[in-house]
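Only one structure is covered here, and it is reproduced in the block below.
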């Protein structure tokens, strides 16, 4: 997996969030995007994910040494963000089954196994609207991380997680990080990106 950004920029109205981003992400590394609040970390991640269109520049993708169009990249990525909406009327079991319709899980994991990974066996038939913020964040992370995709995008992954949840996240990443490109947005929370060996600082693109 390879992603190449050329002279990439994004603005809202007349305010540039970032400009002149020239950078390459390759599958033999994992990356953290750093920067203060409002620096454009999340915006850049959404551009990479194809959910936002850049205001200038280009972004290209290569999957299995083949060029991919940006509109096709969704099938090759999974993403977890604190602002990602969940179907709160669904139960946990229903949420997992719904996700499975779109993308396969590693090791052909079944719903029961993912619920065990989440450590939420007692909440399998509970609607997500009754979950705490920490439980919802676990669901977002697990559904993204166990998806069998070559690209994994994580925005402030330990938001709303306590110490036990942070340990759980790190264990899950260690288990499913192999042979995929991972890009993490973080606000100086080192426990979110200990596995990353490359860093992009948004302050360099103002």
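Which length gain, in nm to one decimal place, applies between residue 191 and residue 129 when the Cα-Cα distance is subtracted from 0.36 nm times their residue separation? Kindly include the intermediate steps, with their values, before the conclusion.
Working: separation 62, 0.36 × 62 = 22.32 nm, distance 2.79 nm.
So the chain would gain 19.5 nm between residue 191 and residue 129.
If I model a spin label at residue 22 and residue 110 as a point 7 Å from the Cα along the Cα→Cβ vector, what separation in nanometres do I get?
So the two model labels end up 5.3 nm from each other.
Roughly what would the spin-label model give for residue 201 and residue 178, points 7 Å off Cα along C-beta, in nm?
3.5 nm
Taking only the Cα atoms of the range 111-198, how large is their convex hull per residue, in Å³?
Convex hull of Cα atoms, per residue: 99 Å³.
Tilt of helix 163-176 relative to the longest C-alpha principal axis of the chain, in degrees (0 to 90, nearest 10)?
With rounding to tens, the tilt is 70 degrees.
Here, each number is a calculation from the coordinates, and none is a lab measurement. This structure is a prediction, so every number in the text was calculated from the model and none was measured. Cβ coordinates were reconstructed from backbone atoms using ideal geometry, including for glycine residues, and neighbour counts include every protein chain displayed.
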